[in-house]
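Notes follow once the structure below has been shown.
The values are calculated or read from the model by the stated rules, or taken from the named source; none is laboratory data. From a predicted model like this one, the values you see are computed outputs, not experimental measurements. Positions of Cβ are generated from backbone atoms using ideal geometry, with glycine treated the same way; all protein chains shown enter the neighbour counts. When the accessible area is computed, the model is the full protein with side chains, heavy atoms only, and any ligands, DNA or RNA have been set aside. Shrake-Rupley method; radii C 1.70, N 1.55, O 1.52, S 1.80 Å.
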Amino acid sequence: MKFFLTLLCSSLASAAVLSAELAENDPLKIPDVTIVSKTFDVKDTSRDRVIPIRVYFPPSEKPAPVILFSHGLGGSRDNNPYLGNHWAACGYFVVFV
């Protein structure tokens with residue numbers, strides 16, 4: 001019986017620690033930061049066309065991973081800003097092509 005109680009207490013303590021860690025690292029929580037985005041028009045001279053791009057910058061000036069987002073046929077760089085803002089708030093550079 002003593003072994004069972006020790007095992008139960010240990011399990012409950014582990015569950016409490018895990019629950020606290022999950023609450024701190026909630027992937028759906030949007031950090032409260034201001035996101036800056038800028039648009040660029042890049043000229044592709046070999047194909048004689050302009051490539052519209054929007055970049056969302058993370059709040060930190062440290063190096064960060066990059067997400068390349070292609071909107072698909074019929075979209076634009078201005079579609080889905082909620083994704084760009086969310087990913088940038090989580091620390092990514094986000095490039096909408």
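What residue, of P27, P31, is open to solvent by 90 Å² or more (accessible area, probe 1.4 Å) and at pLDDT below 80? Explain how you work it out, then say what you get.
Numbers: P31 fails: open to solvent by 90 Å² or more (accessible area, probe 1.4 Å).
After applying the criteria, what remains is P27.
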Under 6 Å by Cβ, and 6 or more places apart or on different chains, what pairs join a residue from segment 73-95 that is over 14 Å from R54 (Cα atoms) with one that is of a type outside the set (F, W, Y) and at pLDDT 90 or above?
A89/I35; G91/P58; G91/A64
Output for segment 42-96, where each listed residue is at pLDDT below 90 and touching a strand residue (DSSP E or B) at 6+ places or on another chain (Cβ under 6 Å)
R77
